[in-house]
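This report concerns only the one structure given below.
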């Protein structure tokens, strides 16, 4: 009782509801990932394969990142392409 | 029909070993023939909590590798004649355990005991997966705290996919055991409450063990808390949980700490 009164006076909200909400959001994501193959790994390999058909790439210069938001997630693909790659395409073609 | 029960959690320090010892002793006190098995190879502690640390000669690894017979490695409790301990090795590492070897030992234990309680190491690596591998039931020890609940959820996922039961399309029967619960703090909104945890984990509750000094006192003297002080609040909670494991319907209550006058006066600040 006394603590409730104290909280009322200090206007500090209870932390347990915050914990509950954070857990619910987090576990929803983590459960979705479970049992699936490593999504980022698969995306990276396949993107690399497609781009490599046209451009010579250093596999270490391909970065795939996924940022999970509550309603929208973003997929970021960062591929470093060496200068003059188009010549190589013409030469290859 | 013997039951193999794994006591697991993912997170360390939540009370797996304390709970294994207390539930094992409570089942034995109820007349069941029980063995508690320490799977925490390299960091064994169940022997210490059971007060048998000076009686360990052979261990689980020796039995798995065929160096010792099971009967040579089993240690009978000095207080309860139907309670036994199979200790872990202190010197070897978890790679000495093989899936097939563990399966053989578990089968042999099944033929000799009513209950085989496997005390899992923390984490999700080999030691933890082998401890749960042959389980029929699982007690997931959870503290009312975000990281513990998250790890419990992960462990539940593993129980549903990496156990022999799961591979046969059967279910490991899962129970949540909430430990270190402080009903006062939960009521003040400072700690996740029981309903929140159960809703998030979507798994039935086996018991609520209150935060209590009796747990530390019992471990200090090497006695499961249900044997050391049967009237204490954690002992009563563990005894109720053991009866639920045996299929009895026992009302779910949160046993309260009975505090003396001075503790009441000083307790809040000290805690």
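The values are calculated or read from the model by the stated rules, or taken from the named source; none is laboratory data. Everything quoted here is computed from the prediction, not taken from an experiment. Note that each Cβ is placed from the backbone with ideal geometry, even for glycine, and that neighbours are counted across all protein chains shown.
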Based on what the data block shows, is residue A:14 out of contact with any strand residue (DSSP E or B) (no Cβ under 6 Å at 6 or more places or on another chain), surrounded by 12 or more Cβ atoms within 10 Å (Cβ to Cβ), within 14 Å of chain B (Cβ to nearest Cβ) and not in a helix (DSSP H, G or I)? yes
From the set of residues in region A:35-60 that are exposed (fewer than 12 other Cβ atoms within 10 Å of the Cβ) and farther than 26 Å from residue B:161 by Cβ, which is farthest from the other protein chains (Cβ to nearest Cβ)? A:53
Only listed residue being closer than 21 Å to residue B:238 by Cβ, in a loop (DSSP other than H, G, I, E, B) and in contact with a helix residue (DSSP H, G or I) (Cβ under 7 Å, 6 or more places away or on another chain), chosen from B:41, B:36, B:14: B:14
Where in region B:94-171 are there helices (runs of 4 or more DSSP H), lying wholly inside it, with at least 1 residues that are within 14 Å of chain A (Cβ to nearest Cβ) and surrounded by fewer than 20 Cβ atoms within 10 Å (Cβ to Cβ)? B:146-159, B:164-167
Within region B:131-142, can one find any residue that is at pLDDT below 95 and touching a helix residue (DSSP H, G or I) at 6+ places or on another chain (Cβ under 8 Å)? no
Could you count how many residues in region B:192-227 are within 14 Å of chain A (Cβ to nearest Cβ), over 18 Å from residue B:7 (Cβ atoms) and part of a helix (DSSP H, G or I)? 6
